[in-house]
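Just below is one structure, and these are the notes that go with it.
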Amino acid sequence: MGKCILTVDDSSTMRQMIVFTLKEAGFEILEAGDGVEALDRAKGQKLSLVITDVNMPRMDGITLVKELRALPEFRFTPILVLTTESGIDMKQKGKDAGATGWIVKPFSPEKLLEVVNKVL
Amino acid sequence: MSDPMEQFRNAFFEEATELADGMEATLLALDISAVETEDLHTIFRAAHSIKGNAGTFGFPAIAAFTHQLESVMDPVRQGVRPMTSELREQLLQGVDLIRSHLHNARQGEPLPPKDQQAQDLLVERIRNQEFGAVVPTPSAPSMPAASPSTATGFSIRFDAPRDAFRRGVNLERIFRDLGKLGSLQTWLDTSHLPGMGDLDPEDCHLAWDLRLETAACRTEVEEIFEFVAEGDNLRIAPLTPTDQVPPLGEILEAVAGVSPADVREALAQQKPLGELLVESGKVKPEAVSRALDQQQKKRSQTDAATLRVSTEKIDRLVNLVGELVITQAMLAQAAQQALASTGEEPLASALLQLDRQTRELQERVMGIRMVPVEMVFSRFPRMIHELGKQLGKDLELTLEGQATELDKTFIEMLVDPMTHLVRNAVDHGIETREERARTGKPVTGTIALRAYSRGGHIHIEVRDDGRGLDPERILRKAVERGLVPPETRPSDEELNLLIFEPGFSTAEQVSDVSGRGVGMDVVRQNIRTLGGRIEVDSQPGRGSTFRLILPLTLAILDGLTVRVADETFVFPLASVLESFQCLPDDVRTVKGDREVINLRGEFIPVIRLKRLLELGGDSDEGARARPLLVLVEAEGRRAAMSVDELLGQQQVVIKSLETHYRRVEGISGATILGDGRVALILDVPGILRLEAGAALARA
């Protein structure tokens with residue numbers, strides 16, 4: 001079984017792009033449209049990586065990172081946040097919440113794979 | 001939603017086009033005698049990114065070609081090979097071929113044979129250079145300091161962040177990635193580990209000293225540490241032959257027991273480079289602040305986050321907001337009448353707020369369509385470079401106001417007219433070197449492009465410091481062509497405008513670059529299509545300025561609203577010359593039922609809109625004692641159109657008639673007025689054609 005990645009984004013276009021790129025690269029993918037759905041999906045799964053957007057309805061990405069880190073099985077799982085701002089601010093917020101790294105939007109499929117390979 | 005791969009491909013084309021543009025701009029800005037390493041990296045990265053993406057999205061031919069460009073740039077960016085002007089020309093040709101590749105791939109077609117041949121030739125030349133090039137020996141004085149024969153690379157001190165494990169950071173990966181850049185030696189420093197009693201096994205207390213021998217640049221190394229660098233826990237210093245020792249501070253920390261905090265404090269007292277240089281009088285403060293500005297600009301360029309959205313989506317949004325504005329206006333009008341009697345305060349203030357918010361919403365949404373004029377300007381450095389070479393003229397191009405924003409549609413439609421104006425300026429405006437020297441001008445001719453907004457319009461200027469327009473020559477030509485009656489002398493301004501007449505060219509020699517007698521009228525036509533106009537300032541011997549004046553957006557039109565019978569119509573203001581009331585005797589009938597008016601000695605056909613558009617209604621403008629006429633001009637023809645009433649001048653939001661109804665000859669669109677009624681926008685050239693057809697039918 002390949003490595004499984006959970007991708008969380010309320011934009012289906014963005015999700016499609018991520019899913020497409022990662023599947024091409026041989027990963028298995030789980031999808032969720034917001035933080036709440038993501039937590040639901042993640043429970044009981046063995047995930048190699050979580051990629052989450054920040055601005056989402058119901059539960060935002062930063063909260064999701066904190067919630068995941070609070071679960072024993074995701075304490076050390078790499079988590080990447082997608083941010084539209086390259087500002088230090090959002091990166092720091094992500095880090096403080098426990099995120100491993102970030103990808104600044106917009107990004108190319110190539111860049112996505114590059115960053116994924118950096119943390120896996 | 002269409003095929004996802006299709007979407008990615010579109011994104012790929014856009015990005016690759018931008019990368020090619022960037023590569024070209026960098027190449028052109030390159031000062032061969034003092035090349036910036038960062039520029040070389042930029043050029044390399046552009047080729048590299050296009051290659052990578054082309055591969056991902058299934059364009060192997062593009063990937064293969066860009067691979068060639070990438071491999072020729074690789075040794076150059078590493079300082080192993082020098083950048084030459086010859087190589088620059090080859091790479092510029094490469095950019096053209098990338099563009100051709102992209103253009104054809106978009107249509108699903110292979111590279112045309114002509115370009116394929118050019119590509120084969122270019123690749124061969126690049127290859128030959130690659131293998132046959134004389135690599136300067138390391139001792140050559142022209143070589144940059146980072147010479148490859150001695151060890152280049154970095155000494156790195158990395159204190160892992162305390163929370164590295166808890167954030168799921170893969171430290172091993174960092175060393176693996178560094179190892180890929182070259183040869184890596186590591187020394188683990190465990191001296192920060194607390195005693196067993198105080199140790200939280202989830203905290204990371206490890207640090208490393210690393211020695212990396214690599215040709216990679218600092219940025220590449222920094223990128224590997226991207227997620228773990230925070231402030232001062234990462235120090236990267238270049239390895240130099242003599243300086244392969246740790247920094248003084250570190251030795252002092254280790255040997256003399258100086259605390260890291262003290263070292264940091266001492267380091268913090270070091271002044272910024274700019275300050276030191278100013279104090280020693282090596283540089284002026286203004287120069288430092290300019291340099292800092294430039295640095296800041298570079299930074300913000302890389303920081304500007306963007307999002308690609310299809311124009312279709314935006315247009316739909318623009319339309320919807322246009323309708324919202326109208327609904328809001330209708331609501332406001334209705335409410336005003338209702339409120340006049342009841343006078344309810346809260347409702348009135350809420351409506352006022354709605355008015356403000358709708359207007360802001362409209363502005364913001366319109367703003368999405370706006371793109372910097374830089375997108376048109378950016379093609380000119382290359383063109384000027386080529387034209388200068390071709391015509392043997394020394395040229396300098398200055399660009400101003402590149403951040404001025406324009407509707408995206410304009411950007412595409414401005415390319416041709418501006419190209420024409422620039423070519424003309426270089427070819428006819430700027431004199432030969434000898435002539436300039438003779439008249440005491442600087443040998444280098446200047447072409448200046450400038451954009452700015454003024455009074456709800458965008459002005460774009462193409463200025464040259466050449467010989468200017470010659471009124472006498474224009475006059476001779478105009479008399480020859482019967483545009484000006486002999487023995488009259490129009491003002492210079494009027495004469496200058498004649499160059500926009502169809503078929504008017506004063507260039508005595510037709511050259512390859514411009515001057516085939518077509519052009520300036522097309523330029524004016526194009527600008528009019530955009531709802532704009534063009535002005536000329538020219539001083540003989542000093543140069544000319546062509547000024548394009550454009551509305552802020554295509555979705556809004558400056559219009560003259562008129563009433564004909566019971567209907568309201570809108571004339572695009574750009575095609576209206578004047579409006580006036582005439583005496584009944586001024587209009588004369590010729591050839592049966594054709595009417596003309598004698599306007600200052602010129603006979604102009606009169607078009608009765610009411611009859612032409614077959615409108616009913618009580619009023620008959622023909623019977624008016626003093627007919628009201630609007631003088632219009634389109635495609636070089638003039639006509640006076642009779643209307644019943646001039647209502648006013650206003651901006652209207654253009655709605656397509658075709659999408660809502662069908663195409664109607666003589667009407668270019670519709671708009672909704674403040675009171676909710678629909679007014680049709682007149683297509684002046686269409687009306688002229690319609691009248692010609694009707695006159696033929698009547699005859």
Original post:
From B:Pro584, B:Pro605, which residue is surrounded by fewer than 18 Cβ atoms within 10 Å (Cβ to Cβ) and either of a type outside the set (D, E, K, R) or at pLDDT 85 or above (or both)?
Top reply: B:Pro584
**OP:** Mind listing just one residue for me: the one in region B:202-245 that is more than 29 Å from A:Asp89 (Cα to Cα) and out of contact with any strand residue (DSSP E or B) (no Cβ under 9 Å at 6 or more places or on another chain) and, of those, surrounded by the most Cβ atoms within 10 Å (Cβ to Cβ)?
**Re:** B:Thr240
**OP:** Could you grab the pairs with beta carbons closer than 7 Å, sequence gap of 6+ or different chains, first residue in region A:8-30 and at pLDDT below 90, second one surrounded by fewer than 17 Cβ atoms within 10 Å (Cβ to Cβ)?
**Re:** A:Asp10/A:Pro57; A:Gln16/B:Pro4; A:Phe20/B:Pro4; A:Gly26/A:Gly2
Original post:
Give me the pairs: first residue in region B:568-595 and farther than 18 Å from B:Gln651 by Cα, second residue hydroxyl-bearing (Ser, Thr, Tyr), beta-carbon distance under 7 Å, and six or more apart or on different chains, which are they?
Top reply: B:Glu595/B:Thr589
Original post:
Is there any pair linking a residue in region B:205-230 that is closer than 24 Å to B:Glu36 by Cα to one that is in a helix (DSSP H, G or I) and at pLDDT below 85, with Cβ under 8 Å and at least six apart or on different chains, and which?
Top reply: B:Cys217/B:Thr37; B:Cys217/B:His41; B:Cys217/B:Arg77; B:Thr219/B:His41
**OP:** For residues that are within 14 Å of chain A (Cβ to nearest Cβ) and in contact with an Asp or Glu (Cβ under 7 Å, 6 or more places away or on another chain), scanning just region B:160-200, find the one that is surrounded by the fewest Cβ atoms within 10 Å (Cβ to Cβ).
**Re:** B:Arg162
Subject >> Filter result for the condition that a residue is assigned by TED's automatic domain parsing to the domain that holds B:Arg157, farther than 24 Å from B:Arg77 by Cβ, of a type in the set (A, V, I, L, M) and at pLDDT 80 or above, over B:Val228, B:Val221, B:Val258 >> reply: B:Val228
Original post:
So which residues in region A:1-27 are among the aliphatic types (A, V, I, L, M), out of contact with any Leu (no Cβ under 8 Å at 6 or more places or on another chain) and not in a helix (DSSP H, G or I)?
Top reply: A:Met1
Original post:
Taking region B:94-112, which residues are hydrophobic (A, V, I, L, M, F, W, C) and either under 23 Å from the mean Cα position of the chain (by Cα) or in a helix (DSSP H, G or I) (or both)?
Top reply: B:Val95, B:Leu97, B:Ile98, B:Leu102, B:Ala105
**OP:** Tell me the helices (runs of 4 or more DSSP H) entirely within region B:322-430 that contain at least 3 residues that are within 23 Å of B:Ala20 (Cα to Cα), of a type in the set (Asp, Glu) and out of contact with any His (no Cβ under 7 Å at 6 or more places or on another chain).
**Re:** none
Original post:
Can you name the condition, by its number, that B:Arg436 falls short on among (1) at pLDDT 90 or above; (2) of a type in the set (D, E, K, R); (3) under 30 Å from B:Gln651 (Cα atoms); (4) part of a helix (DSSP H, G or I)?
Top reply: (3)
Subject >> Options B:Glu691, B:Glu645, B:Glu633; residue that is modelled with pLDDT of 80 or more and closer than 22 Å to B:Gly592 by Cα >> reply: B:Glu691
**OP:** Of all residues in region B:36-48, count the ones that are away from chain A (no Cβ under 14 Å) and out of contact with any Pro (no Cβ under 8 Å at 6 or more places or on another chain).
**Re:** 8
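For every residue, the table says whether it meets (1) of a type in the set (Phe, Trp, Tyr); (2) within 14 Å of another protein chain (Cβ to nearest Cβ); (3) without any contact (Cβ under 8 Å) to a residue 12 or more places away in the chain.
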residue: B:Glu6; (1), (2), (3): no, yes, yes
residue: B:Phe12; (1), (2), (3): yes, yes, no
residue: B:Ala16; (1), (2), (3): no, yes, no
residue: B:Ala25; (1), (2), (3): no, no, no
residue: B:Ile50; (1), (2), (3): no, yes, no
residue: B:Pro60; (1), (2), (3): no, no, yes
residue: B:Ala64; (1), (2), (3): no, no, yes
residue: B:Met83; (1), (2), (3): no, no, no
Original post:
Is there any pair linking a residue in region B:629-644 that is among the β-branched types (Val, Ile, Thr) to one that is outside any strand (DSSP E or B), with Cβ under 6 Å and at least six apart or on different chains, and which?
Top reply: B:Val632/B:Ser575; B:Val632/B:Val684
Original post:
Can you spot a residue in region A:96-107 that is in contact with a Phe, Trp or Tyr (Cβ under 7 Å, 6 or more places away or on another chain), at the interface with another protein chain (Cβ under 8 Å from one of its Cβ atoms) and either surrounded by fewer than 21 Cβ atoms within 10 Å (Cβ to Cβ) or not polar (S, T, N, Q) (or both)?
Top reply: yes
Original post:
When residues of region A:108-120 are filtered for being among the charged types (D, E, K, R) and more than 8 Å from chain B (Cβ to nearest Cβ), how many remain?
Top reply: 2
Subject >> Of residues in region A:4-50 being among the acidic types (Asp, Glu) and within 21 Å of A:Ile62 (Cβ to Cβ), the one surrounded by the fewest Cβ atoms within 10 Å (Cβ to Cβ) >> reply: A:Asp40
Original post:
Do we find that B:Leu361 is under 30 Å from A:Thr83 (Cα atoms), aliphatic (A, V, I, L, M), modelled with pLDDT of 75 or more and not assigned by TED's automatic domain parsing to the domain that holds B:Val653 in this structure?
Top reply: yes
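Each row is one residue, and each column tells you yes or no for (1) at pLDDT below 85; (2) touching a Cys at 6+ places or on another chain (Cβ under 9 Å).
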site: B:Val135; (1), (2): yes, no
site: B:Met143; (1), (2): yes, no
site: B:Pro148; (1), (2): yes, no
site: B:Ala160; (1), (2): no, yes
site: B:Arg173; (1), (2): no, no
site: B:Leu178; (1), (2): no, no
site: B:Asp189; (1), (2): yes, no
site: B:His205; (1), (2): no, no
site: B:Leu210; (1), (2): no, no
Original post:
From the list B:Gly179, B:Gly197, which residue is part of a helix (DSSP H, G or I) and farther than 22 Å from A:Val119 by Cα?
Top reply: B:Gly197
Original post:
Which of the residues spanning region A:68-95 are more than 8 Å from chain B (Cβ to nearest Cβ) and either buried (at least 18 other Cβ atoms within 10 Å of the Cβ) or under 14 Å from the mean Cα position of the chain (by Cα) (or both)?
Top reply: A:Leu68, A:Phe74, A:Leu80, A:Val81, A:Leu82, A:Thr83, A:Met90, A:Lys91, A:Lys93, A:Gly94
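The values are calculated or read from the model by the stated rules, or taken from the named source; none is laboratory data. Just so we're clear, the structure is a prediction, and the values are computed from it rather than from any experiment. Note that we place each Cβ from the backbone using ideal geometry, even for glycine, and neighbour counts take in every protein chain shown.
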